[in-house]
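Reading through the structure tokens given below for one structure.
The values are calculated or read from the model by the stated rules, or taken from the named source; none is laboratory data. The structure presented is a predicted model; accordingly, all values stated were derived computationally and were not measured. Neighbour counts run over all protein chains shown; Cβ positions are idealised from the backbone, glycine included. Please note that ligands, DNA and RNA were not included when accessible areas were found on the heavy atoms of the full protein model with its side chains. Shrake-Rupley method; radii C 1.70, N 1.55, O 1.52, S 1.80 Å.
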Amino acid sequence: MKNIKNYIADHNDRFINELIELLKKPSISADSAYKEDVTETAKLVKKSLKKAGCDVTEICETKGYPVVYGEKIIDPNLPTVLVYGHYDVQPPDPMDLWDSPPFEPVIKKTKIHPEGAIFARGACDDKGQMYMHVKAVEFMVKTNQLPCNVKFMIEGEEEVGSDSLEDFLKENHKKLANDIILISDTGMMAKDVPSITTGLRGLSYVEVEVIGPNRDLHSGIYGGAVPNPINVLSKMIASLHDENNHITIPGFYDKVEEVSDAERAEMAKAPFDIEEYKAHLDIDAVYGEKGYTTPERYSIRPTLDVNGIWGGYTGEGAKTVIASKAYAKISMRLVPHQDPDEITELFKKHFESIAPKGVRVKVAPHHGGLPYVTNIDSTGYRAAAKAYETTFGKTAIPERTGGSIPIVALFEQVLGSKTILMGFGLDSDAIHSPNEHFGIWNYLKGIETIPYFYKYFTELSK
Ligand code: BES
Ligand code: MN
Ligand code: MN
């Protein structure tokens, strides 16, 4: 890849400013108030693909938000890389915890990013990481170095579960045909430790409701004598883990793939500093399932977490009341062989069975997603590893991550395609949190590294 470094140096400011324009759009897929902003963002992405050199660009309507498609086919006999990313973002709240408004990007230096980082919702997840691919393709097209065909599929509802995508894949099987899928929507271990994500957890997500007396009650007149839905819900939730922090739902672990001692030993070699981990989060102890290390707990083990819990009086001051209803949102991260629908069913059965007399419970499933693992013995992995070797001068470490990208398993099921996950974000970039940011160094390093993937993938595919 001749002159990639010079090209980046020459166009550095423009690369940053274009990303900033994209980040100004509040493309919040979860909130229907932003519907127009989401579709406007799709149009902006389409334009950027055209400008980068795609010959075909389209907005493809789906049942939900549109998919932006682009392609540059240079020779049907050459391999085709399909880039996937998402232009939608998580809601920014709680707003008061942002140091600057989430859709008014600013560049600030941080300890980890002395070169500066762009602060905005979506900076890292996933507009910044997606846009690295657009700029990498721009470089290859403009300098006549695109070694193979490229297709883009950038969706607008990843953060709400990619509900329309299964149908989209089935209906556009031919159009999306590829030899490998390339995604930057995960992280790397550290700025000097490149890593290739080899696994994603699956997801089962439920909302529960505990219903007690037919109305809110005076907590003095009735307190102590009737089931309090919030007390009951708290107890029920607490019982979902035992004293070793194992999940107590019968059958929950039945299909969990036990990772071999050899693989666990391999994982333990990856750099991980528990003291640094605690210091970053301001906690004085970690927490989790007995018998597993912290990296194992967040990658190869399934989990159950309450994501939100509410009911009763939460306003200012004290109101003496027993609420009629209590609610919680609960996520379960799943590992290979656990099926989201099956787990949701097991949860529902168990949760209903532990409800004490005097309350009724309702369990409503939300979106889910299948887990994914891939092998490092593949052309795609070798191409990615060589690309990192070239631009970082270091061997990338394979890493299974705790997050979920449900579409990846569907790509394999529906299109028969393998995915390579080249993430450039850091865990400290605060994705989904207030003050999300993406290091400028990481952004530019991604743009520099990606073209080498194309080069090596094409060479190794011969
Ligand atoms: N990009 C993330 C997933 C991710 C982040 C994986 C960091 C690994 C490391 C993605 O946008 C995301 O947030 N996914 C959701 C699931 C989805 C169904 C809402 C998640 O993991 O919570
Ligand atoms: Mn993402
Ligand atoms: Mn996300």
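Quick look at the values:
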quantity: Failed item, numbered, when Ser162 is tested on (1) surrounded by 22 or more Cβ atoms within 10 Å (Cβ to Cβ); (2) free of Cβ contacts under 8 Å to residues at least 40 places away in the same chain; calculated: (2)
quantity: Strands (runs of 3 or more DSSP E) contained in the stretch 1-99 and holding at least 3 residues open to solvent by less than 30 Å² (accessible area, probe 1.4 Å); calculated: 67-72, 80-86
quantity: Residue within the stretch 137-150 that is assigned by TED's automatic domain parsing to the domain that holds Ser27 and part of a strand (DSSP E or B) present; calculated: yes
quantity: Unique residue being farther than 16 Å from Ser428 by Cβ and touching a residue at least 24 places away in the same chain (Cβ under 8 Å) when the list is Asp125, Asp96, Asp88; calculated: Asp88
quantity: The listed residue being within 16 Å of ligand 3 (Cβ to nearest atom) and either under 25 Å from Ala430 (Cβ atoms) or open to solvent by less than 10 Å² (accessible area, probe 1.4 Å) (or both), out of Leu169, Leu182, Leu200, Leu176; calculated: Leu200
quantity: Residue match in the stretch 136-151 (condition: open to solvent by less than 10 Å² (accessible area, probe 1.4 Å) and within 21 Å of Leu203 (Cα to Cα)); calculated: no
quantity: Filtered residue count, the stretch 81-101, keeping only those that are more than 16 Å from ligand 1 (Cβ to nearest atom) and more than 24 Å from Ala52 (Cα to Cα); calculated: 8
quantity: Some residue of the stretch 158-172 being in contact with an Asp or Glu (Cβ under 7 Å, 6 or more places away or on another chain), within 16 Å of ligand 2 (Cβ to nearest atom) and assigned to a strand (DSSP E or B); calculated: no
quantity: Close pairs from the stretch 223-246: first assigned by TED's automatic domain parsing to the domain that holds Lys329, partner among the aromatic types (Phe, Trp, Tyr) and open to solvent by 50 Å² or more (accessible area, probe 1.4 Å), Cβ under 8 Å, at least 6 apart; calculated: Leu233/Tyr327; Asn245/Tyr287; His246/Tyr253
quantity: Criterion (among the small types (Gly, Ala, Ser) and within 26 Å of Gly291 (Cβ to Cβ)) met by exactly one of Ala238, Ala225; calculated: Ala238
quantity: Only listed residue being touching a Cys at 6+ places or on another chain (Cβ under 9 Å), at pLDDT 95 or above and closer than 30 Å to Pro101 by Cα, chosen from Phe457, Phe438; calculated: Phe438
quantity: Hits in the stretch 284-298 (condition: outside any loop (DSSP other than H, G, I, E, B) and free of Cβ contacts under 8 Å to residues at least 12 places away in the same chain); calculated: Arg297
quantity: Pairs with Cβ under 6 Å, 6+ apart, first in the stretch 182-198 and at positive phi, second open to solvent by 10 Å² or more (accessible area, probe 1.4 Å) and within 13 Å of ligand 3 (Cβ to nearest atom); calculated: none
quantity: Among residues of the stretch 387-426, those that are open to solvent by 50 Å² or more (accessible area, probe 1.4 Å) and more than 18 Å from Met132 (Cβ to Cβ), counted; calculated: 9
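Residue by residue, here is whether (1) part of a loop (DSSP other than H, G, I, E, B); (2) out of contact with any helix residue (DSSP H, G or I) (no Cβ under 8 Å at 6 or more places or on another chain); (3) open to solvent by 40 Å² or more (accessible area, probe 1.4 Å); (4) of a type in the set (Gly, Ala, Ser) holds:
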| residue | (1), (2), (3), (4) |
| --- | --- |
| Val210 | no, no, no, no |
| Pro250 | yes, no, yes, no |
| Met267 | no, no, yes, no |
| Ile300 | yes, no, no, no |
| Thr314 | yes, yes, yes, no |
